[in-house]
Structures are given as structure tokens and as C-alpha cells.
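Reading through the C-alpha cells given below for one structure.
The values are calculated or read from the model by the stated rules, or taken from the named source; none is laboratory data. Here the structure is a predicted model, which is why all the values come from computation and not from measurement. Here the Cβ positions follow ideal geometry from the backbone for every residue, glycine too, while neighbour counts run over all protein chains shown. Heads up: the accessible areas ignore ligands, DNA and RNA and are worked out on the full protein's heavy atoms, side chains in. Shrake-Rupley method; radii C 1.70, N 1.55, O 1.52, S 1.80 Å.
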Amino acid sequence: MAEEDSNGAAEGLPPPPPVPPDFTPAKTELEPVKKKVLRVPMARRGVGNKGQKIQILTNHFKVNVTNVDGHFFHYSVALFYEDGRPVDGKGVGRKVLDRVHETYDTELAGKEFAYDGEKSLFTIGALPRNKMEFTVVLEDMTSNRNNGNSSPGGHGSPNDNDRKRLRRPYQSKTFKVEISFAAKIPMQAIANALRGQESENSQEALRVLDIILRQHAAKQGCLLVRQSFFHNDPKNFVDVGGGVLGCRGFHSSFRTTQSGLSLNIDVSTTMIIQPGPVVDFLIANQNAKDPFSLDWAKAKRMLKNLRVKTSPTNQEYKITGLSDRPCREQLFTLKQKGKDMDGEVQTTEITVYDYFVNHRNIELRYSADLPCINVGKPKRPTYFPIELCSLVSLQRYTKSLSTFQRSSLVEKSRQKPQERMQVLSNALKINKYDAEPLLRACGISISSNFTQVDGRVLPPPKLKTGNDDFVPRNGRWNFNNKRLVDPMKIERWAVVNFSARCNIQGLVSDLIKCGKLKGIMVEDPFDVFEESPQVRRAPPLVRVEKMFEQVQSKLPGAPKFLLCLLPERKNCDVYGPWKRKNLAEYGIVTQCIAPTRVNDQYITNVLLKINAKLGGLNSMLTVEHSPSIPMVSKVPTIIIGMDVSHGSPGQSDVPSIAAVVSSRQWPSISRYRASVRTQSPKVEMIDNLFKRVSDTEDEGIMREALLDFYVSSGKRKPEHIIIFRDGVSESQFNQVLNVELDQIIEACKFLDEKWNPKFVVIVAQKNHHTKFFQPNDPSNVPPGTIIDNKVCHPRNYDFYLCAHAGMIGTTRPTHYHVLFDELGFSADDLQELVHNLSYVYQRSTTAISVVAPICYAHLAATQMGQWMKFEDTSETSSMRGGVTNAGPVAVPQLPKLEEKVSSSMFFC
């Protein structure tokens, strides 16, 4: 009571003037936080009916679970060496626990366990005690393939090792293992998940099943990469160049679906280092002609931490580095057999070459003048001549692939639908899941038949061009004899040529002629600017500057459009700086081409892109024209596409790039603009949607998009906001709904407190492992195929759509998840909108596999990423070093697009 009084008294005092501004916001902010209801993904509202019914097979295999009354018991595992140091190497865990399993079978009550290779172990039913300790001895510390980082324990000179090894083939190590109870997971949770009641427990229970599969694969000597397994079988290897092989394996994971639990098995590919002699790998990797022309600094970086077997003893080691001197000069201290007069061990200095050739009688053909491989510690090296070392198979290559390697991989790993089905059927046989004791203990059996589902083929939407309405056939169409809906005029333009070899006059006259047929008036270009030969070798930024100096000195005023010829098709290093100069500094629309085979089709495609960039429209949906799209045409509606692109795997310090594309000129759903921002590396959530800098200023992305919509749509605010989000996994759905959507709502409120638009949020996923096949038909499923039953989520609102015609390999459907819908779309209307949005992509004359706004966001992020590549590194290199004392590094900002092109489809 006294406390309340004193509080009351304090309240009664006149507060000092500066306090209210500080305190009131804190109070008002705290209040709503309690009330804030977290949004969760919505439940399915029904299924669609439109379209022609079709029977489809999918790579989900039905799983029967009979034992749902039991419990999984989760135990924590801690590993220590004899002296009490914790074990840090990853690879050794499985071997140690296998040994525990063999040695202490009775103490463990004969129980099988599933171990994840790190700190968790699961059993069915409890172990006899909640805390158990074991000691085991491992003789051989090299791997059957999987153990990554165990140290071979080779100290001192090669001789020292070899003598020990001849006397006693193994080196032993003692480990202490502590297993302690962590949690109990009811198997009933799996049954609940199948009824749509997901919980922490059901996620955990499914994780246990996935760990059982991983362990099963590890025991067969597979390389494990997340949920994928790769057998050591050269039949599965394809050479993609540069000493890298694509290795084919399988993804397998348990999924809860409407028709029960299923095992989803798919073909999967990872990159591995070419096994065999180290020298052969280095020659391939550096594209060198022989071992004597290798760059050894590069080789050292490449080889570090890879595992080799050495001949003749076939012992396995991890490479720690290379010797500083060649083999014939590199000395080490060799211990002699006898002792001297004082009983001291005698030593001599000897070269590695001399030791192997004269003391061990091993012939060395080419190692004498090459560095040795060091497998010891930096302070206590152990050297081997390079030709005695062979790389162990199945070691992952984690750097990003070159364009050439990537295209070679795609080409060599394609599989037609029937071939893929065959491979998957075989995978089930090879994997022998019936023999896995833990799966049997769960009462789990896996069907060997592909699950059959009911699909529907949606009819293609009617499209409109300038002089024609038509229906695309098989997901494609062409512009023969068709004019564009809204053709632009190409005027005040010039050609710049960065040393590409091509008949420019012929190209220009083709453009003019072809443009005329499509309704595009192409004037004669003002001039053709050729790069001078002496500039060709200069750095990209210099080449671009020089070209601009030429253009400025000759043209009477700023051009409206520049056609830019590049010498090579992909990753030409002038591309980024050229785009940046044009779009950020001058606001000039530019089209880059690398003309190799020029024909009518090529010219038409180039014109489609130029027309879209200049503000024209090539084709549109008829329903857009007569505006009759449900929920979109009658009420101002903006359609948003969002994507984040990250640097390639090896680059941890490259900023991620977030792109938001938004529709404009409502009721059109074919015209878009993009806003792009950098953000912290590897961050998936977009953090710049709303960015308040003062009481009246918001520098966020959404404000730009909303204002542009307002200005371009006759001063109307969007009442409906339909958001398509790419590239987030199921674990991040709640963040999309509660972090990103909140920012978007804040951006709206900041523009107008009283404005309450309604939202739809849909996530599109491409990197999942569900595939569809037509029974007894070698071709892919037809474009427009939609599936919203059986293999879909038991509760949530999701569907699969193959909007495009799969020409090569097996079609990858897009998996759409409707997380939120305040508009109350019917299933048919929403699916039709998504299908329609696959037909409004201005760059191609085909339906595309994912809605156009997401494709555009992806293009915009990628193009702006090229701008960042050639930043003046002197300024940024000091910043790029990662974390400084002052905390994390500021992310370099992208330059803004110049006003004239800021709302253009520059990314098209």
C-alpha cells in the first residue's frame, strides 16, 4: 500500500519540463507491444476447380507410421580427449559414437540411436540412465570418407612417422563421451502435424526422422550435404572443368502432406574436387600446361584443408600448406637409428628428396623442383613429395563456379522426366530403408510407388498486341505479323562498340526494318563510336570513361538511347560500370548486346527489351485492357515483387542486394519499376522497406513505390497491395508477416495516417524438391498445370504451379504459399491471377516459371549487383575487411538512378 502511496505522490509532483517528451513515447510504445497479435500463415480456404483435370505422379513416397504411442528421447553429446580437452573436429564424432555403440551395447540396453554427427543423439524410448559416461579407444584416426578434420597425429620427420607406422599400423586415441538427457518428444506429434496441428514437437520429431536418414547414408560412406547424400561412385561424377566434378546424389526428407507423411526423394548435385594425383588436379584447376607452370601461391590457397592419401603406405592426412623450397632443397631433421657416445639420439639435416629417394628407395619422377606438401603443424611440418599425394574422393568444392563451369554443369546434369523417374525408383532400392533398424522401431515403412495426385491444366490467358488478340499455345507465342501494343520511337540515339566484331551497318538496318514491322519507328543513329585499340587493355572503368568522352565530344546533346556492343556474352567486365554511368549519372536508357548469331528472332528480342525500357509495352492481357481482373481492376491495386540476392558462397563481405519491383499505371499489371538497396551480407529480410530519418522523412523503398503508383495512376492511392516474396524458407514465413509486412504498413501510415489498404502476401519458392511427371508420357507436364491437393500442406494455403513449358530436363514447379489474404480471393481467382502474372513478362514470348514481378526483382538486383563489382576498391578495401574495432562495417550504398530513368523498366 505504501508503495502505491509513494507512487501516487510522485505522480502528483509537477514533472520537470524536459521529461514528457522523453517519457510519453516510451509509454505509448510499450502499451501496443503487449496487444500486438503476431500474424501466422493463414489456413487453406478451399481448392480450385477451374481447368482440365489431369492425373499426375510426384516424387513423394507414402510413409506408413504404426508406432505413434512411443517417444523419441533427445540426449546431448559431449566429446573430450583423454586430458579433458573438448573435441573440436567435426568428422570424428560419428566414429566415436559407433565405437560406443559397439562397446557398450548392454549398458545402452541394446538400443539403436540416431546421432546427428555433432551434439545431439536420439533414441526410441529412454536409455537406462539420464547421464552416462563412456571411454572408448579409436585405433585408426583416418576416415572411411566422411571424417573431415581428424588430425593424423603425424609429428616430427617423415621418417619418424614411417618407422612407427611400419611397427604398428595404427595410432590410437582415447575419448571420453558424456551423454545426458535433454528432452522427450512424443511420436504422436507426427500424427498431430498430419492433422494440421504443427508444434515445436512435430518439427523436432520430423527432424529425428531426417537424422536417421542422414546417419543411414553416413554409414554407407556417403558425403552428406544438409539433406542430400552422395555415394562414392564414379558413375555419378561429371567433369565440369577446372578440376571440379559435378557429383550426382539424392535429396531425401520427410514431409507432412494432406495425404499423410511422405518421403520426398529427388536428384541432387553438388560440386567435388577431382580425386586422384594432386598435380593433375592443380593443372586442371589452373588450366596450366604442366606442373612447372603452376602458380604456387594460388595452389596453396586451393589445397589448404583438403585431404590426401600418401603412397606407398596409403595413410590419410589433411594438407596444412606447401614447403617454402622445392623438394630437392627442403631440409628437415632426420633422427638416426643408433645413439652417440653420450646416449643422445643423433640427427642429421637431409632434403626431403634425398630422404625419399635414397633412404626409402622411392622413385620420384618430377617432384624434385616442385614444392612439397605439408601435412604437419606449421611449427612442426611433415613433408611429402607432391607426386606421392592423391586427393581423397568426395571432397566438396565450395567456391562459386565460373560461367563456363556452370553452363557445363547444367548441360551435363539435365534429365528428362522418364530418366529422372527411373533414377529415383532405383534410389529407393539402393538406399534399403527397410533395413534401417530405427525406422523399423518407429514402425515406419516406405512405399515404392510415386504418389498419384489430381492436377488441373489452367487455360492460357488471352493476350493482346497492337493489331491482334490471340491465345498462346503451349505457353509460347511469337510476334510474326504482330505490332506491339504500345510501341515507342527510337530517336536521338547512337551505337557504341567496345571492340566487338560485327557488321554494325547490317545490324542497324535490320533494327530499322524489323522495328517498322512491329510499329517501332527507328530513326538513323547519330553516329557509331568505336573503342580505340589502345584503350582496349585498360581497366573497365577507364574504358567506360573514354567511351563517354568520345560520345560527349561528338553529340550535340544528351542522347535518349545508346546501343552498346560488348565483345563477350556473359560477365563482360565493362557491363556494370557502363550501366551505372548511363543510369545513375546521365539517365540514359541503354541496351547491351553481344551479337554472335544475328537473325530476325534475335533482333525482335532486342527490340522487345528496348521498347519496354523506353516506356512502351509489347503485349498485355486482354483482361487488363477491358479491365476485368477480380479484386484488381475495380479497386486501385499495386502488385509488388520482392527479392534479395546474396554474394556467391565464398564472398562473405559482399553486401546483399534487396530489390522491390512495383506495378504502375493502374489498372495495368504489366508495367513495373524497381527500387534497389544494399543491406548487410547474407541478411534475407529486407530492412529498408520503411526507413524513418525524421518526423517527416521516410527514405524507405515502399515510399518510392507508393508515390510512383499514386502519380502514375491518376492520383489514386492503392487500396489493395498484393505482395509476392521470393527466396524465403518456411522457417522465415513468420518474419515476412511480422517484420516486412509491418514495415510496409508503417510506410503507408507515414504517408497518410487514415489510409488502411488491404494486403495479400504470397511467397514463391523455386528451390524445393517436389517434381511432377505424366504417367506413361515422356514429356513434361503441360504449361498451366496446377496442384493444390495431396502433396500440399495439411493446413496452410499452398499450391504448385508449372506455368511454363519445360523444354529441357524436368520442369521445376513453383511452390506458392499464400500467407495472408485480407481481400478474400477465391482459390480459382487467386490461382488465375498468379497464372496470368506468368504471361506479362515483357522480355520473352513465353510464359515464365514464376510471376513476372519476382523475375523483374531478380533482374534488378542482379544488374545493380554488377554496378557494385567495380567500386573504386581503394576506398572500400579498407572498409571491406569485415568487423573493425568500431563494430560491423557500414554497407556501401548503391548510387541512385537518375530522375529520368528512375521509373523505367531499366532491368528489362
*With θ set to phi - 60°, apply the Karplus curve 6.51 cos²θ - 1.76 cosθ + 1.60 along segment 489-498 and write out the HN-Hα couplings as whole Hz, x wherever there is a Gly or Pro.*
9, 9, 9, 6, 9, 8, 10, 10, 10, 8
*asked:* Can you tell me the orientation of helix 158-167 relative to the chain, as the angle in degrees between its alpha-carbon axis and the longest Cα principal axis, to the nearest 10?
replied: 60 degrees
*With Cβ to Cβ distances under 10 Å as the rule, what net charge do the other residues near Phe470 carry (K, R +1; D, E -1)?*
+2
*Mark the label point 7 Å from the Cα of Val535 along Cα→Cβ and return the residues of segment 571-597 whose backbone N is within less than 15 Å of it.*
574-575, 577-579, 581-582
*Given only helices, namely DSSP H runs of n ≥ 4 each adding -39500 (n - 2.57), what is the per-residue ellipticity at 222 nm of the chain, to the nearest 500 deg cm²/dmol?*
-8000 deg cm²/dmol
_For P(r) over Cα pairs in 10 Å bins from 0, in percent, calculated from these coordinates, the label among (i) 2, 8, 11, 11, 10, 10, 9, 7, 6, 5, 5, 4, 4, 3, 2, 2, 1, 0, 0, 0; (ii) 2, 10, 16, 20, 20, 16, 10, 5, 2, 0, 0; (iii) 2, 10, 15, 15, 14, 12, 10, 7, 6, 5, 3, 1, 0, 0_ = (ii)
*By how many nm would the segment from Ser445 to Ser172 grow when fully extended, if each residue of separation counts as 0.36 nm and the alpha-carbon distance is taken off?*
94.3 nm
*What percent does the relative contact order of segment 676-773 come to when contacts are Cα pairs within less than 8 Å and at least six residues apart?*
31 percent
_segment 392-476 shape via C-alpha gyration tensor axes, a/c threshold 1.5_ = oblate
*Stretch Ser553-Lys432 to full length: gain in nm at 0.36 nm per residue minus the Cα-Cα span?*
36.2 nm
*asked:* Taking the Cα centre as origin and putting +1 on Lys and Arg beta-carbons and -1 on Asp and Glu beta-carbons, what dipole magnitude results for segment 295-389, to the nearest 20 debye?
replied: 580 debye
*Residue by residue through segment 574-583, which ³J(HN,Hα) values in whole Hz follow from phi under the Karplus form 6.51 cos²θ - 1.76 cosθ + 1.60 (θ = phi - 60°), with glycine and proline marked x?*
7, 4, x, x, 5, 4, 4, 4, 5, 7
*Calculate the spin-label point distance for Asn738 paired with Lys516, positioning each point 7 Å from the Cα along the beta-carbon direction, and give it in nanometres.*
6.4 nm
_Neighbourhood net charge (14 Å Cβ-Cβ; Lys/Arg +1, Asp/Glu -1) for Phe72_ = -3
*asked:* Quick one: 3J(HN,Hα) in Hz for segment 793-810, Karplus 6.51/-1.76/1.60 with θ = phi - 60°, rounded, Gly and Pro as x.
replied: 5, x, 10, 6, 9, 9, 7, 9, 9, 9, 7, 9, 8, x, 8, 10, x, 10
*Please label the shape of segment 603-650 as rounded, prolate or oblate, based on the square roots a ≥ b ≥ c of the eigenvalues of the alpha-carbon gyration tensor (a/c under 1.5 means rounded; beyond that, a/b larger than b/c means prolate, else oblate).*
oblate
*Radius of gyration, Dmax [segment 495-600; alpha carbons; angstrom]*: 13.8, 41
*Which trypsin sites (Lys or Arg not before Pro) from segment 590-628 combine a DSSP loop assignment with at most 11 other Cβ atoms within 10 Å?*
Arg597
*If r is the Cβ-Cβ distance from Glu822 to Arg476 and R0 is 22 Å, what FRET efficiency results, to the nearest 0.05?*
0.05
_Suppose each label sits 7 Å from its Cα in the direction of the beta carbon; what would the Lys300-Arg414 distance come out to in nanometres?_
4.3 nm
*Förster radius 35 Å - calculated FRET efficiency between Asp105 and Arg226 (Cβ-Cβ, nearest 0.05)*: 0.70
*Taking only protein heavy atoms into account and a 1.4 Å probe, give the accessible area per residue of the chain in Å².*
47 Å²
_Burial order of peptide ranges 850-856, 622-628, 761-767 (average beta-carbon count within 10 Å, highest first)_ = 850-856, 761-767, 622-628
*Of Pro559, Gly110, Gly91, which is farthest along the charge dipole of the chain in the positive direction, counting Lys and Arg as +1 and Asp and Glu as -1 at C-beta?*
Pro559
_Members of Lys560/Lys609; Lys482/Lys516; Lys131/Lys184; Lys50/Lys462; Lys482/Lys560 lying beyond 18 Å, as alpha-carbon distances in this model show_ = Lys482/Lys560
*How far apart, in nm, are the 7 Å Cα→Cβ label points at Ala288 and Asp239?*
1.8 nm
*Mind checking the angle between helix 403-413 and the chain's longest principal axis? C-alpha axes, 0 to 90 degrees, to the nearest 10.*
80 degrees
*Considering only Asn789, Val535, Gln418, whose Cα is most displaced toward the positive end of the charge dipole of the chain, charges sitting on Cβ of Lys, Arg (+1) and Asp, Glu (-1)?*
Gln418
*Where Lys and Arg each count +1 and Asp and Glu each count -1, what net charge lies around Thr770 among other residues with Cβ under 10 Å from its Cβ?*
+2
*Over the chain, what is the relative contact order in whole percent, taking alpha-carbon pairs under 8 Å and six or more residues apart?*
14 percent
*Multiply the residue gap between Asp69 and Lys749 by 0.36 nm, knock off their C-alpha separation, and tell me the result in nm, one decimal place.*
239.7 nm
*Reduced Cα scattering model of segment 312-418, Debye log10 I(q)/I(0), q = 0.11, 0.18 Å⁻¹*: -0.53, -0.97
*asked:* Leaving ligands and nucleic acids out of the surface, order Met620, Met631 by accessible area at 1.4 Å, largest first.
replied: Met631, Met620
*Residues with amide H under 5 Å of Tyr397's amide H, sequence separation 5 or more or different chain, H placed in the peptide plane at 1.01 Å from N; which?*
Met271, Ile272, Ile273
_Computing the accessible area with a 1.4 Å probe over protein heavy atoms, can you report the carbon and sulfur percentage for the chain?_
51 percent
